[in-house]
1. Please specify each residue of the stretch A:256-290 satisfying the condition of being part of a loop (DSSP other than H, G, I, E, B) and either aliphatic (A, V, I, L, M) or modelled with pLDDT of 90 or more (or both).
2. Can you pull out every residue in the stretch A:442-472 that is in a helix (DSSP H, G or I) and either among the β-branched types (Val, Ile, Thr) or in the same structural domain as A:GLU73 (by TED's automatic domain parsing) (or both)?
3. Being surrounded by 17 or more Cβ atoms within 10 Å (Cβ to Cβ), more than 10 Å from every other protein chain (Cβ to nearest Cβ) and not in a helix (DSSP H, G or I) is true for just one of B:ILE55, B:ILE17, B:ILE35, B:ILE41. Which residue is that?
4. Can you find a residue in the stretch A:522-532 that is in contact (Cβ under 8 Å) with a residue 60 or more places away in the chain and over 20 Å from the mean Cα position of the chain (by Cα)?
5. Are any of the residues in the stretch B:55-72 in contact with a Lys or Arg (Cβ under 7 Å, 6 or more places away or on another chain), farther than 28 Å from A:THR67 by Cα and hydroxyl-bearing (Ser, Thr, Tyr)?
6. Does B:LYS4 satisfy the criteria of being modelled with pLDDT of 90 or more and more than 7 Å from chain A (Cβ to nearest Cβ)?
7. Among the residues of the stretch A:53-73 satisfying the criterion of being surrounded by fewer than 20 Cβ atoms within 10 Å (Cβ to Cβ) and modelled with pLDDT under 85, which is nearest to the other protein chains (Cβ to nearest Cβ)?
8. Name the single residue, out of those in the stretch A:291-323 being within 14 Å of chain B (Cβ to nearest Cβ) and polar (S, T, N, Q), that is surrounded by the most Cβ atoms within 10 Å (Cβ to Cβ).
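The values are calculated or read from the model by the stated rules, or taken from the named source; none is laboratory data. Source: prediction; values computed, not measured. Don't worry about glycine lacking a Cβ; one is built from the backbone with ideal geometry, like all the others, and counts go over all protein chains shown.
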Amino acid sequence: MDNKMPLIALMGNPNSGKTAIFNLLTGMHQKVSNYPGITVEQRRGNAQLSENCAVQIMDMPGTYSLTPESLDEKIVAQQTLKWLNGIDRPKAIISVVDAGNLSRNLYLTSQVMEFGIPVIIALNMMDRVKRKNQDIDAEKLQKILGVHSVIPMSAREKWGIDELQSALLNVINKANIEVSSHIQMEIPEEIERIITPISNFLNAKNNHDNYITNIQTLRIITRKSGIELYSESENLNAAEIKSLTILRDKVAHEIDELGLNHRILEATLRFEMLDNALMGNSIINQNEIKNQSRSERIDKILTHKWMGPLIFITLLYGIFQSIFTWATIPMQYIDSGVGYLGNYCVQLFSQGILRDLLVEGIISGVGAILIFLPQILILMFFMTILEDTGYMARVAFMMDKLMNKIGLHGKSVLPLMSGYACAIPGIMATRTIDSWKERLITIMVLPLMSCSARLPVYTLMIGAFIPNKPIFGFLNLQGLTMVFMYFLGTVTAMIIAAIISQFIEEKGKSSFVMEMPPYRMPLAISLFRQVYTRGKLFVINAGKIIMAISIVLWFLASFPKPESNGISFSIQNSYAGKIGHAIEPVIAPLGFDWKIGVGLITSFAAREVMVSTLATLYNVEDEGDDFVGITEALKNEVDPLTGMPRYTPLVALSIMVFYVYAAQCMATFAIVKNETNSWKWPLIMIAYMTGLAYFGSLLVYQGGQMLGLV
Amino acid sequence: MSIKQLHHLLPGESAKILSFHTNLTLQSRLVEMGILPGVEIRLMKKGPFNGPIEIKVRGYEVSLRYNDAMQINVSE
């Protein structure tokens, strides 16, 4: 993107509608990337304001303040400190404010106004205010605060955006816009005197005006992390940091001795200023908390003690039902499309290694990613609806107590549920959990939720070896076995979460201060945009890994090529076959032979590859419905030593338990590495899951044999 | 005027925040969201089995864990 374009920063509270405004301003011209080294999204986009004026808009993460507590806030705080020192300084700041929640939203705005950069307030969600027959005097608000302009608007109903654009044009076209004097906090003389040692220290470093220095001083006093941030941006040396820390502790102590609380000093003074200004000028009245909102009435049913959970379970059931039914048809199309493309390439190119690589490595690798795309997109579609309507926050509210008992968070519920479709979007969805510890535990147990790649394996084993007989008249043994596999994974995830929460140290206290957004109808356009971006992220992130693994597996399964042309090549002689034979002694106690061993190895690309591997090993011709052929082949396989059938229901059960637990999906580990920023956690995950899989299967097979089951 | 803890309020009752004894992280999160001494709040609902509580403050709704609510003094 062109860096010569004027830069505009977009800031605001979470749930203020900042993203909707960003989308309205930039259309499809946006670029989403992560901040270097961390998983907070950085979004920039170009906005065409007039025929010959375009600007670049930088969407800052949604925060409540500039005090660095969470990762998002730290980024915003770091960025704004740079602005103070003239680095990447934007031409203007759009501060998005929820008009229905003025005083809290203006807290951040009032902090932002202090940089000496023109501030345009986008007074969003005015439609809701108007619906309540209220209004906000924008002109008066602009004068009281001393900002460039206040633009009443509604991003939902798409009005006010032209006015916002012309306000931006106005700022940009003036060569030297003078920033009007803004509203200021009154710092009592006594406090100003106490904090002088620190403000003198800061003044010696750089000469901002008196007010800015005082505010920076307050921010350093409020939190120790304030010193960290300041010393980073000013490149303080160790001695300077030490003396600043000593000063800070002394001043903080003196403030507390006055009967004040140094940790809430800035917030107290700032809210005093805002409340006086807003109520004194009757911009808002004080009776806001008395009114019962529409959301509150809806919540009487949706978060009702027993109706709430019931509704949630029904919704989940409906969602998963539709994922599995709706996705079937596009999945068949993708499957045959990939098959067709493979065949086409076979005809197009002459026989050789390159063709094999293309068809069996690359095309089938792409197929392995695309086959899950319908399910994942449908899942993301529903999750986005739940999020955008505000229902997700209520689920978190209802489930938090239960989840907290096992070291998780109310917000862990939906990522875990997503895990039933695919662990990868689930792991990406944990970003909404603020507490690092609870987020990490959610990530660590998420792959135990049986994802849809395990389904073909369960289906094959159950169809072939579990008798289709009724139990208690109305249940069916096959169906029950399937449910048991999902249950086993879920319960184990809960137990593991409870165990690892004892070992993981907390980085910052966990809390559950969560804003409950009002219920809203989701907007179609933002819904599809989110599904699109998340789907793209999945294809790119997971796709790279699955593709690479597919190529490696293709190599292992096709080499070494036999020397003489007479012997036809079979996977048995390949590296994969050799590895299968080599690990046979290790997996024999689980009831597995080398062929299953090969299947376990090829499962590293994606678990469902096990099925096609077995098909290849048993020379089953792929004729569309390969389940029937392979089921017969498995049933007819005879153990050369005993002359008895090689596979028994017990072996099938052992295989399924192995698949419930085993760490097989490389793409998942790559995502975990991305999200946790270290190899430590994916490695621990592989270790504990492999252990569970091995000993789980061992217990099933050996225990079953002891009990005389076959 | 009687002093009690936030979790003692009944759904529908209003009160003024007096002081916090919560951990520092939570304290600064609360004050940044405008929940600070002197501010009036209304308890909206309580989750089952000492689950989170939901309060209305400054025209928006926010939920807190029960254990954290125990550390917040309010006066009726």
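1. Correct list: A:LEU258, A:LEU260, A:ILE283, A:ILE284.
2. Result: A:THR442, A:ILE443, A:VAL445, A:VAL457, A:THR459, A:ILE462.
3. On inspection, the qualifying residue turns out to be B:ILE17.
4. yes
5. Looking through the stretch B:55-72, none of the residues is in contact with a Lys or Arg (Cβ under 7 Å, 6 or more places away or on another chain), farther than 28 Å from A:THR67 by Cα and hydroxyl-bearing (Ser, Thr, Tyr).
6. Considered against the rule, which asks whether it is modelled with pLDDT of 90 or more and more than 7 Å from chain A (Cβ to nearest Cβ), B:LYS4 comes out as yes.
7. Step by step, filter the stretch A:53-73, then rank; the result is A:SER70.
8. A:THR303
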